[in-house]
Amino acid sequence: MFSTEMLAQIVRFHGTAQHTMVGAYMEENVNTFLGIQKRLQERATASHGDAVTLTPELWRQVMQLQAPAMQAMLGGFLEQSAKRFMDKR
């Protein structure tokens, strides 16, 4: 999921002043992403029944078909997340 460099950077934050801030920031972002996935699963279930599961392949297809809308949504999410992070400082 993360590159080796990214994982190394996360480990480097341990014990620093940024440790708590970065951890809270990452947790909030993962929770937001999980919320997005849950809403997509709920919409898929409502449209197609319980047989639909958001597998990695289906997620890739959704991203390809909805690329502009998803990029705008995720871009907005990233901007909002960065703003929240800066506001908490």
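Annotations
- Only residues that are surrounded by 10 or more Cβ atoms within 10 Å (Cβ to Cβ), at pLDDT 75 or above and of a type in the set (V, I, T) were counted in segment 44-66, giving 1.
- Reported count of residues in segment 11-41, each being open to solvent by less than 70 Å² (accessible area, probe 1.4 Å), over 30 Å from A69 (Cβ atoms) and of a type outside the set (G, A, S), is 3.
The values are calculated or read from the model by the stated rules, or taken from the named source; none is laboratory data. Not measured: the values here are computed from a predicted model. Positions of Cβ are generated from backbone atoms using ideal geometry, with glycine treated the same way; all protein chains shown enter the neighbour counts. For the accessible areas, the whole protein counts, side chains as well, though only heavy atoms, and no ligand, DNA or RNA atoms are used. Shrake-Rupley method; radii C 1.70, N 1.55, O 1.52, S 1.80 Å.
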